[in-house]
Amino acid sequence: MIAIDRVGKAFPLKNDRFVALDDVSLSVAENEFVTIVGPSGCGKTTLMNILAGLETPDAGQALVRGSKITGPGPDRGVIFQQYALFPWLTVRKNVEFGLRTAGVPSRERRDRAQHFIDLVGLHDFADALPRTLSGGMKQRCAIARAYAVNPSILLMDEPFGAVDALTRVRLQEQLLQTWSQEKRTVVFITHDVDEAVFLASRVVVMAARPGRIVEVIDVDLPYPRTEELRLSPAFTALRNRVWSAVYHQEPVA
Amino acid sequence: MTVVQVGAETTTGSPPTEERRRRGVPKWGWNGLSVVLGIGIWWGFSLAGYDIPAPPEVLKRGGELIADGTLADDVLASLGRVLAGFVLGVALAIPVGFLMGWYGIVRGLIEPWVQFFRTIPPLAIIPLAVVLMGIGETPKIFVIFLASFLACVIATFQGVVGVDKTLINAARVLGAKDGTIFARVVVPASMPFILVGMRVGLGSSWATLVAAELIAAQQGLGYRMQSAQLYYDLPTIFVGLISIGVLGLLMDRVLLFAERRLTNWQERR
Ligand SMILES: Nc1ncnc2c1ncn2[C@@H]1O[C@H](COP(=O)(O)OP(=O)(O)O)[C@@H](O)[C@H]1O
Ligand SMILES: [Mg+2]
């Protein structure tokens with residue numbers, strides 16, 4: 001489904017280059033849920049921008065279904081680290097945005113937007129402006145907006161980073177529930193080790209300077225993931241493995 | 001598909017109460033008191049023998065000027081000039097500001113001139129405008145046009161440059177192309193800046209108008225005060241000053257109202 005093939009990306013500095021990604025390769029299967037975890041500055045967002053088609057790699061290539069990514073496309077939905085809602089549009093109008101650019105007639109647009117607004121539980125806030133919503137509600141609106149155009153791939157960049165711990169757990173469960181019912185390929189970026197293990201069938205661990213993949217850990221825990229599972233020894237063992245991969249990285253000389 | 005309600009959340013950011021009260025007296029109460037006090041002090045100076053007309057005298061002259069239609073004609077002449085210059089200035093400033101923000105080349109070509117003319121007070125252009133354009137309406141409207149254009153073009157440009165990049169990216173991944181991004185993201189996102197620019201531009205137009213009318217005019221508030229000056233007609237000058245102030249305030253309030261209505265989506269003000 002997604003193939004990242006020896007991708008490199010550097011940003012020019014004053015009189016130097018900053019290597020954000022160095023020789024990154026990864027493939028993601030259809031309908032797989034992959035999380036990418038790593039310290040800040042390790043190139044997670046850069047990698048996601050390349051998959052989204054917002055940045056082009058300097059070396060290597062990124063492919064979706066065998067064709068090279070050259071720009072954003074309706075097959076890939078993106079949920080940004082900052083909510084990136086249009087503040088002058090209501091929740092409904094935000095969710096309808098992608099449908100409008102796709103030329104969906106207004107009747108159908110309204111029905112589809114309503115479906116996804118209901119799905120993320122924002123029914124009572126459909127006509128509210130983003131400034132009146134809490135962080136978790138804004139994020140759910142962003143999720144509804146991405147879902148509405150029905151992408152086969154979801155790219156999520158630390159979507160729950162700014163919400164409180166309690167809400168975060170609920171949003172994770174809700175995301176898995178939605179995913180299990182409408183399967184999509186999900187690439188989910190986080191810096192939270194628990195979140196990475198709880199959601200994924202595979203955890204990709206990245207390291208910084210230069211940004212690279214250090215380890216890919218299979219999470220052989222069954223779906224649906226439950227609260228008991230979160231407290232199980234098997235989960236804890238995996239969590240500890242990912243933790244040490246993230247926090248005990250040998251620096252590259 | 002199931003809906004999982006997130007119960008722990010509540011809405012935040014209920015609009016703050018605007019009218020702050022103090023000991024039960026509303027804000028406009030203090031404003032009213034201040035106006036009354038100010039007029040009292042003015043009257044006091046006039047009674048104390050300073051060479052200024054007392055309020056009743058100014059009121060009487062105001063009545064006369066209204067009754068014979070002079071004031072209405074002057075106000076209309078002045079407003080006409082300001083609105084013509086202002087509308088032309090804004091109508092040109094908004095597209096130019098957008099082009100400057102959107103295309104680096106346009107910015108590179110136009111910015112030096114905008115920065116240069118911004119340092120020249122519009123009034124300093126009047127002699128040149130009169131020589132080149134004569135003493136009709138054209139030089140007056142031109143100077144007002146220039147004042148509002150310069151104020152508004154900078155604000156629009158800054159608004160466009162300041163548009164959050166993530167919003168543009170969000171639109172792109174939702175399938176928007178350049179035209180759509182411009183119309184549905186850049187324009188609304190820079191609207192607050194444009195409206196502030198329009199307010200500054202209107203203030204600057206109004207300030208320029210009166211001076212432009214002092215030079216050469218047959219009608220208008222500035223002209224009326226200029227001719228009153230020749231006859232030491234202080235009450236007429238006062239009527240002119242008060243009219244200019246009141247009209248300027250009214251126009252600013254209209255734009256402020258429009259601004260509030262059009263940008264109430266902003267997080268805070
Ligand atoms: N446009 C850019 N110009 C220069 N440096 C950048 C740019 N984007 C990202 N970087 C740098 O690349 C590194 C990786 O960034 P990012 O992908 O955002 O990391 P992460 O999302 O893992 O925190 C950071 O050190 C950041 O400073
Ligand atoms: Mg990031």
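The values are calculated or read from the model by the stated rules, or taken from the named source; none is laboratory data. Everything numeric in this text was worked out from a predicted model, so none of it was measured. FYI the Cβ positions are ideal-geometry reconstructions off the backbone, even for glycines, and counts take in every protein chain you see. Ligands, DNA and RNA are excluded from the accessible area calculation, which covers all protein heavy atoms including side chains. Shrake-Rupley method; radii C 1.70, N 1.55, O 1.52, S 1.80 Å.
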(request) List the residues of region B:167-181 whose accessible area drops by at least 10 Å² when all protein chains are present, compared with their chain alone, using a 1.4 Å probe and counting only protein heavy atoms. (result) B:Leu167, B:Asn169, B:Ala170, B:Ala171, B:Arg172, B:Val173, B:Leu174, B:Gly175, B:Ala176, B:Thr180
(message) More than 25 angstrom separation, counting every C-alpha pair in region A:80-219; what % is that?
(response) 29
(message) Between A:Asp164 and A:Leu231, what is 0.36 nm times their sequence separation minus the Cα-Cα distance? Round to one decimal in nm.
(response) 22.1 nm
(request) Just grab the label-to-label distance for B:Thr180 and B:Asp68, each label 7 Å out from Cα along the Cβ direction, in nm (one decimal). (result) 6.5
(message) With every protein chain left in place and a probe of 1.4 Å, what is the accessible surface of A:Asp220, to the nearest 10 Å²?
(response) 130
(message) Please list, in order along region A:64-78, the HN-Hα scalar couplings obtained from phi with the Karplus expression 6.51 cos²θ - 1.76 cosθ + 1.60 (θ = phi - 60°), rounded to whole Hz, x for Gly and Pro.
(response) 10, 6, x, 10, 5, 6, 10, x, x, x, x, 6, 10, x, 10
(message) Please check region A:117-144 for residues whose accessible area, probe 1.4 Å, is lower by 50 Å² or more when all protein chains are in place than in their chain alone.
(response) A:Leu119, A:Arg131
(request) Provide the convex hull volume over Cα atoms per residue for the protein assembly as shown, in Å³. (result) 228
(request) Give the accessible area for A:Met48 in Å² (nearest 10); use a 1.4 Å probe, count only protein heavy atoms, and leave out ligands, DNA and RNA. (result) 0
(message) Counting protein heavy atoms only and a 1.4 angstrom probe, how many square angstrom of accessible surface do chains B and A bury in total, to the nearest 100?
(response) 3400
(request) Tell me, rounded to the nearest percent, the portion of alpha carbon pairs in chain A spaced more than 34 Å apart. (result) 17
(request) Please check chain B for the longest run free of GluC sites (Glu not before Pro) that are loop-located per DSSP (anything but H, G, I, E, B) and have at most 13 other Cβ atoms within 10 Å. (result) B:20-266
(message) With an 8 Å Cα cut-off and a minimum separation of 6 or more residues, compute the relative contact order for region A:1-157 in percent.
(response) 25
(request) Give the long-range amide H neighbours of A:Glu215: residues separated by 5 or more places, or on another chain, with amide H under 5 Å away, using H modelled in the peptide plane at 1.01 Å from N. (result) A:Val205
(message) Strictly greater than 19 Å: what percent of every Cα pair in region B:83-151 meets that?
(response) 38
(message) List the pairs from A:Lys9/B:Lys177; B:Lys27/B:Lys165; A:Lys68/A:Lys93; A:Lys138/A:Lys183 whose alpha-carbon separation is above 30 Å, in the order I gave them.
(response) B:Lys27/B:Lys165; A:Lys68/A:Lys93
(request) Starting from the Kirkwood radius over alpha-carbon pairs of chain B, derive D by Stokes-Einstein at 25 °C in a medium of 0.890 mPa s and give it in µm² s⁻¹. (result) 111
(request) Please give the residues from region A:42-82 for which the solvent-accessible area of heavy atoms, probe 1.4 Å, is smaller by at least 30 Å² with all protein chains in place than with the chain isolated. (result) A:Leu54, A:Pro72, A:Phe80
(request) Tally up the carbon and sulfur contribution to the accessible surface of the protein assembly as shown as a whole percent, 1.4 Å probe, everything protein left in place. (result) 60
(message) Can you give the FRET efficiency to the nearest 0.05 for A:Arg110 and B:Arg260, using r as the Cβ-Cβ distance and R₀ = 35 Å?
(response) 0.75
(request) Using a 1.4 angstrom probe, figure out how much accessible area the protein assembly as shown has per residue, in square angstrom, rounded to the nearest whole. (result) 50
(message) So, taking all protein chains as they sit and a 1.4 Å probe, how much accessible area belongs to B:Asp73, in Å² rounded to tens?
(response) 80
(message) Highest mean first, how do A:30-37, A:180-187 rank when packing is the count of other Cβ atoms within 10 Å averaged over residues?
(response) A:30-37, A:180-187
(message) Given an 8 Å cut-off on Cα distances and at least 6 residues of separation, report the relative contact order of chain B as a percent.
(response) 21
